[in-house]
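**Student:** Sharing a structure with you now.
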Amino acid sequence: MRKPLVSIITVCYNAQDVIESTINSVRIQDYENIEYIVVDGNSSDDTKIIIEQNRDAITKFISEPDNGLYYAMNKGLDMATGEYVWFINAGDRIAHSNTLSKIMSSSLILQDIYYGKTKIINKQGQVIGERRLTPPARLNRNSFKMGMLVCHQAIIIKKKLTTHYNTKYSITSDYDWVQSAIEKASPEKIRNTHLTFCKFLEGGISSKRMNKANMERFHIMIEHFGLFQALFFNFIMSFRFIKSKIKGEL
């Protein structure tokens, strides 16, 4: 099987403490056809200096002011020339040096979407657990009725299936973006690799602004599934979240 170009995209802003670990996780990949794109929002700390020191691992780099996370991610998409796109944000890391090669060789034919699992790490890079939501055995257009079961950093999508992120959502546009791609993909070409794709840095934007994130997710669900199903499945997700919180506190 041929080895298609994979565009790995990292967006960052004032990420001097974590950006190098992300870059290094891309640098050590043994897959031989990577385009690595870094989009910086004109950081005021030493992020740009660190990026310049690691330009040997970076294909394309831009640093300029933007209007937020998803504007930066749209820039990365526009810069990408790969057949596939994979977002690994600052602070996150690809799981192992052979992760991408294993993903792309996990089937005899090229798939529309590859997905897998996620580990959660702290700022020291230590694994502290698994993501609460786990990937379904078979990912389809109905899977995300129960929330974003696949982490954004644990899914690789053919670029032709993607659109710009909807910037009216400031926290959960990745949920809308992935769902839209799933709806366009051939169901038989959505591949569960059963591999760990990434190590995700704990404490993302949505965990800090949970109420706004939940409201955005609800509106996205209405767009994709209709009002009745959005109400029904949001009730179930809220109940399960509260239940898991109570269990965690006991």
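The values are calculated or read from the model by the stated rules, or taken from the named source; none is laboratory data. Here the structure is a predicted model, which means the values were calculated and not measured. So basically every Cβ, Gly included, is an ideal-geometry build from the backbone, and we count neighbours across all protein chains shown. The area values use the complete protein model at the heavy-atom level, side chains included, leaving out ligands, DNA and RNA. Shrake-Rupley method; radii C 1.70, N 1.55, O 1.52, S 1.80 Å.
**Student:** When region 165-188 is examined, which residues are found to be among the small types (G, A, S) and part of a helix (DSSP H, G or I)?
**Tutor:** Filtering region 165-188 for residues among the small types (G, A, S) gives 170, 173, 180-181, 185-186.
Residues satisfying the conditions are S173, S180, A181.
**Student:** Here is a follow-up. Counting only residues that are over 21 Å from L201 (Cβ atoms) and in contact with a helix residue (DSSP H, G or I) (Cβ under 7 Å, 6 or more places away or on another chain), how many does region 8-33 have? Can you show your working first?
**Tutor:** Step one: list which residues in region 8-33 are over 21 Å from L201 (Cβ atoms), which gives 30-33.
Pick out the ones that are also in contact with a helix residue (DSSP H, G or I) (Cβ under 7 Å, 6 or more places away or on another chain) and you get 30-31.
Of the residues in that region, 2 qualify.
**Student:** I need every pair where a residue in region 35-59 that is without any contact (Cβ under 8 Å) to a residue 60 or more places away in the chain has its Cβ under 9 Å from the Cβ of a residue that is open to solvent by less than 20 Å² (accessible area, probe 1.4 Å) and charged (D, E, K, R), sequence separation at least 6 or different chains.
**Tutor:** Qualifying pairs under 9 Å: T47/D40; K48/D40; I51/D40; T59/E35.
**Student:** Just the residues that are closer than 12 Å to T196 by Cα and crowded, with 17+ Cβ neighbours inside 10 Å, please, taken from region 90-101.
**Tutor:** R93, I94, A95, H96, T99, L100
**Student:** Same structure, new question: Are any of the residues in region 185-193 within 13 Å of F87 (Cβ to Cβ) and within 16 Å of the chain's Cα centre (by Cα)? If you could, list the steps in order and put the result at the bottom.
**Tutor:** Narrowing region 185-193 to residues within 13 Å of F87 (Cβ to Cβ): none.
Looking for residues that are within 13 Å of F87 (Cβ to Cβ) and within 16 Å of the chain's Cα centre (by Cα), one finds none in region 185-193, hence no.
**Student:** Next question. Name every residue in region 115-164 that is in a strand (DSSP E or B) and open to solvent by 20 Å² or more (accessible area, probe 1.4 Å), in order of residue number.
**Tutor:** Initial filter on region 115-164 (in a strand (DSSP E or B)): 115-121, 127-130, 155-158.
Within region 115-164, K117, K119, I120, V127, I128, G129, E130, K158 meet the criteria.
**Student:** Suppose we keep only residues that are part of a loop (DSSP other than H, G, I, E, B) and open to solvent by less than 60 Å² (accessible area, probe 1.4 Å) within region 102-114. Which one would you say is nearest to K159 (Cα to Cα)?
**Tutor:** Applying the first criterion (part of a loop (DSSP other than H, G, I, E, B)) to region 102-114 yields 105-112.
Retained after the next criterion (residues that are open to solvent by less than 60 Å² (accessible area, probe 1.4 Å)): 106-107, 110-112.
Values: S106: 19, S107: 19, L110: 13, Q111: 12, D112: 9 Å.
The extreme case among them is D112.
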